[in-house]
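Coordinate-derived values only; no laboratory data. Owing to the predicted nature of the structure, the values given are computational and were not obtained by experimental measurement. Methodologically, a virtual Cβ is constructed for each residue, glycine included, from the backbone with ideal geometry; neighbour enumeration extends over all protein chains shown.
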Amino acid sequence: MTRHKFSWIALFIPSTTGIFLIRGTARRVLLFMSLISLSSVYGQVSYSIAEEMAKGSVVGNIAQDLGLELKRLKSGKARVFTGDSTEYIDLNKERGLLLIKERIDREALCGQTTPCALDFQIILQNPMELYRVTVEITDVNDNAPTFKKTEKRFEISESAVLGSKFVLDKAMDLDIGTNGLQSYTLKPTDNFVLKLHSQADGSKKVEMVLQKQLDREKEENMSLLLTAMDGGEPLMSGTVQIYITVLDINDNAPVFTKAVYKSVIPENSPKGTLVTSVSASDADKGSNGEVSYFISNSLDGVSELFHIEEHGDIILVGELDYETAKYYQIDIEAVDKGGLSDSSKIILDVTDVNDNSPVITIISQSTSVNEDSAIDTVIAMISVNDPDSDTNGEVHCDMNDNIPFAIKSTTNGFYSIVTDSAPDRETDSEYNITVTCSDEGVPSLSSSITLRLQITDVNDNAPLFEKSSYEASVIENNSPGLSVFAVRAIDADWRQNARVSYILDDGMINGVAISSYVSVNAESGVIHAARSFDYEQIKDFQFRVKAQDGGSPPLTSNVTVKIVVKDQNDNAPQILYPVQTSSSMVAEIVPRSADVGYLVTKVVAVDVDSGQNAWLSYKLVKATDRALFIVGAQNGEIRTIRQVTDKDAVKQKLTVIVEDNGQPSRSATVVVNVAVADSFPEVLSEFTDFTHDKDYNDNLTFYLVLALAVVSFLFIVSLIAILSVKCYRWRRDRMFYKSNGHLPVIPYYPPHYADVGGTGTLQHVYNYEVCHTTDSRKSDLKYIRPSSQSIISLDTNGTLSLRNAHREKLVMEDPDDQVSRSCKLI
Ligand SMILES: *[C@@H]1O[C@H](CO)[C@@H](O)[C@H](O)[C@H]1NC(C)=O
Ligand SMILES: *[C@@H]1O[C@H](CO)[C@@H](O)[C@H](O)[C@H]1NC(C)=O
């Protein structure tokens, strides 16, 4: 456009020759117009064109401006003369126009010189005319500002101080004026600002100045764009890329990810367990960002327990014990290679594991206790402690069963072992009390102790006889001092308390002190006979033996001992009837009319011994006429064995021997006088032979008979009286009658053994059956005896057995006598 305007102005100048009021750019043209008018001699014209016009573009109508005819141009062979310089402009003679021949670059033509003009001449021949033409080349903004390099690199430490300057390249713009380089911009301007310094040559020095601290950690690489701009229309610019690499300095300390780390670990964790991991980050680069970790605890032993690895793993290297430490504070430090550091801590809670058994401690202990100790007597005190916590440390204690002790919890962790019931040394003299304490952990741990406890004896047991009663037998006529047997008592207590002595309990037997019968050995319990016993006087007796232990006070018990005296055949039979007298004469009368078997009389004998020893047999040893009489071997009855004849002598004399059955047997003899006569005078006459004086004898005989009758009567009366009394008593006490030693003088009857009851105990009952007939002459005495012997013995096991019971029954037998019968019935 500019070009066209100039050409248009040039075109107008010759035709108007006036003043053109043309805007700014046309002022110089006006100046040239006046010049043209002054040099019309030569002719001079000026044009102004923009550079870079296309070839053939019209510069100006030279013919018109010079006022030349086109013919003149042709005839004058007008031509452009430039000398040596390049012909940029050509002359078109046909049209009288100046045209662009070569592209004109103002910058190449003039550089920075202004104004830039092409001077040449138009030369005409015939006549020779010379016209000066000046073509001013005006600038067109055809060059952008340019930098030498398209990029620029800086390495700037992030520690660079504010205000640091960094020189940048200048840009070049070949254009001039407003089309030349006008300004620079730098973007972005976060850290740097652009600063321009005008220089002497008019150019500018371009610098960028650090206005904000660099931080590699924020922005390590920056890219800025420096733009240089001209003032042309349109505006042109050139850029250079500025790359800044921020160099690291160790300006960042490591930083832990947490201020406090928390972790939990069970106390029995093995070595090598990972406790926790920590990490610290360092924003710096390279070695400045390389972090190492340390445990900084010093004296508390933490550093021996834990180890921190290169990457921040905390490893357990020792053994943890909840009971020692329930938590740990591990101080940790992170240090980079530049020496900057950060610290943090790990709060490590140790959790309890049931790893401790209860610990039982005996505070006090008795080694023995009396068996009569009161209930709740304290035997031992123990304390139990479990270092574990919570349920792992809660303990309960138990004891073995079936012992007379109990465990009681007193205050926390203290227990007392007390008697629960009275111990009995005789049952258990020693106890092993096992106390087991277990905690409540899962699994539960337990421990136990055993206390050995002796039970001390107390005299709480009386001696005990082996039997409830003793019975033993002694054969009569024993030697005094004979040891009969031994009683024995056992005392369950111990030592002195169990030492038994035997004491004879005082008492009387038949009015005589027991000690005169027997004695007891205090040590051995052997019972000795103190005298010789006589069965006929005492058949048995009882006494008590006391056993006494050595305790204080002593305990005693007693037992009944019964001694049975056994019979020996030490008594000969005694003849009760007929009464033997040395002076008087007694005879039994047998009438001559007596039949065979007539009972003449009966020999009555007793033996105070018993059993076989008192079993009597009768034998006729001598007789006047052996053929006339016989004696009943069992009953002693003397009977006739044939008819009495007149030839038989009146006076008969029989000798009867009575023998017992003892070993050896004892005997007694009796002489029986028998008178065979029909009347008393006959008898008397016959028996006068027996007397020395017949008259005297007659009287004497009479009185004797009278006296005999009286005596017999009295005897019978008293016998009946005694019999009645005895019968009555016997009835009343038939089960138990004891002979008190007052034996009846007359008559005396052997004892009667009776087995009473089924208990195996033999009660000795002496029954006296006395029966009587009014006729003493006809009275019968009869023994019914079994052949066996009665033996009562004390066998080894102490039970009394009756090997053979023997009964004797004494019966006065008379078939005609009712008294006798009634007695037998009883
Ligand atoms: C108690 O223990 C001891 C030793 O272990 C043993 O000799 C004794 O026989 C035991 N006593 C009882 C009553 O178990
Ligand atoms: C003998 O023992 C009995 C109990 O067995 C007792 O009642 C009695 O008093 C004792 N007698 C003597 C003399 O100690």
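Just a few scattered comments:
- Gain upon complete extension [Ser85, His396; 0.36 nm per residue less C-alpha separation]: 99.2 nm
- Within region 205-261: Cβ-based charge dipole about Cα centre, in debye rounded to nearest 20 (Lys, Arg +1; Asp, Glu -1): 220 debye
- Pairs spanning more than 22 Å between alpha-carbon atoms, out of Lys165/Lys337; Lys218/Lys345; Lys195/Lys285; Lys602/Lys651; Lys165/Lys212: Lys165/Lys337; Lys218/Lys345; Lys195/Lys285.
- Residues Met53, Met399, Met508, ranked from the fewest to the most other C-beta atoms within 10 Å, line up as Met508, Met399, Met53.
- Legend: ranking of residues Arg72, Arg544 from fewest to most surrounding C-beta atoms inside 10 Å; resulting order Arg544, Arg72.
- Candidate lysines - alpha carbon under 20 Å from Lys546, same-chain residues fewer than 8 apart omitted: Lys467, Lys562
- Formal net charge of residues neighbouring Ser223 (Cβ-Cβ distance under 12 Å; K, R +1; D, E -1): -1
- Available extension along the chain between Asp646 and Leu482 is 52.6 nm, counting 0.36 nm per residue and deducting the alpha carbon span.
- In order along region 556-568, the phi-based Karplus estimate (6.51 cos²θ - 1.76 cosθ + 1.60, θ = phi - 60°) of 3J(HN,Hα) comes to 10, 8, 9, 9, 8, 10, 10, 10, 9, 8, 9, 6, 10 Hz; Gly and Pro are listed as x.
- Computed about its Cα centre, the charge dipole of region 337-435 is approximately 640 debye, with only Lys, Arg, Asp and Glu carrying charge at their Cβ.
- Taking the number of Cβ atoms within 10 Å of each Cβ as an exposure proxy, the fewest-first ranking of Val559, Val418 is Val418, Val559.
- Among residues other than Asp648 with Cβ under 9 Å from its Cβ, the summed charge is 0 (Lys and Arg +1, Asp and Glu -1).
- Set of aspartates and glutamates with alpha-carbon distance to Lys77 below 19 Å, sequence-local pairs under 8 removed: Asp65, Glu69, Glu87, Asp90, Glu94, Glu129
- In this structure, the amide hydrogen of Ser473, modeled 1.01 Å from its nitrogen in the peptide plane, lies closer than 5 angstrom to those of Val564, Leu794, counting only residues at least 5 positions away or on a different chain.
- Pairwise label distance in nanometres, Arg729 with Thr114, each label 7 Å out on the Cα-Cβ vector: 19.3 nm
- Computed from phi, the 3J(HN,Hα) profile of region 484-499 under the Karplus parametrisation 6.51, -1.76, 1.60 (θ = phi - 60°) reads 7, 6, 10, 9, 9, 10, 10, 10, 6, 6, 10, 6, 4, 5, 10, 7 Hz, with x in place of Gly and Pro.
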